[in-house]
1. For a quick check of your reading of the model, give me the residue pairs whose first member lies in the range 1-23 and is assigned to a helix (DSSP H, G or I), whose second is of a type in the set (D, E, K, R), with beta-carbon atoms closer than 9 Å and at least 6 apart or on different chains.
2. Within the range 22-42, restricting attention to residues that are closer than 21 Å to I75 by Cβ and not β-branched (V, I, T), which residue is modelled with the lowest pLDDT?
3. Those residues that are part of a helix (DSSP H, G or I) and surrounded by 11 or more Cβ atoms within 10 Å (Cβ to Cβ), I need them from the range 88-98; list them, please.
4. Just to be sure, is L16 surrounded by fewer than 13 Cβ atoms within 10 Å (Cβ to Cβ) and modelled with pLDDT of 80 or more?
5. Go through the range 43-83 and report how many residues are under 12 Å from the mean Cα position of the chain (by Cα), surrounded by 14 or more Cβ atoms within 10 Å (Cβ to Cβ) and either modelled with pLDDT under 70 or not β-branched (V, I, T) (or both).
Amino acid sequence: MVKLLYFITTITILALVNFISSSYFHLIFIDLALPVGVLGILATAPNNFLTDYFNSQPYMEVEPERHAKFGKAPIFASSAYTLYAVVFIFIYYRSYFF
């Protein structure tokens, strides 16, 4: 149940970031869905440069506990958001593809 809550929370945060950024830049919601999804993957994936950038050096020893506590739900949610974004972008812009 907790993993489902993390999954839904991650999807909600990504959607809010997408909505706020599309409103700020006066773009269509679907236009920023893919970049927001990719940034979500980069921010939640373990052992990458972006995750290490957000974590300060003293907390690096606690990182295995953090991943054990949150699990892989945020990375799966970010991946699902990105996959759905690709599908919806293809559907929305199908006249350009065919």
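1. K3/K72; S22/D31
2. First pass over the range 22-42, keeping only residues closer than 21 Å to I75 by Cβ: 32-42.
Next cut, not β-branched (V, I, T) only: 32-35, 37, 39-40, 42.
Numbers: L32: 96, A33: 96, L34: 96, P35: 96, G37: 95, L39: 93, G40: 92, L42: 86.
So the residue we want is L42.
3. Of all residues in the range 88-98, those part of a helix (DSSP H, G or I) come to 88-92, 94-97.
Of everything in the range 88-98, those that are part of a helix (DSSP H, G or I) and surrounded by 11 or more Cβ atoms within 10 Å (Cβ to Cβ) turn out to be F88, I89, F90, Y92.
4. Details: surrounded by fewer than 13 Cβ atoms within 10 Å (Cβ to Cβ): yes; modelled with pLDDT of 80 or more: yes.
Answer is yes for this residue.
5. So the answer is 10.
The values are calculated or read from the model by the stated rules, or taken from the named source; none is laboratory data. The model shown is predicted, which means the values in this text are computed figures rather than measured ones. Reconstructed Cβ throughout: ideal geometry from the backbone, glycine too, with neighbour counts over all protein chains shown.
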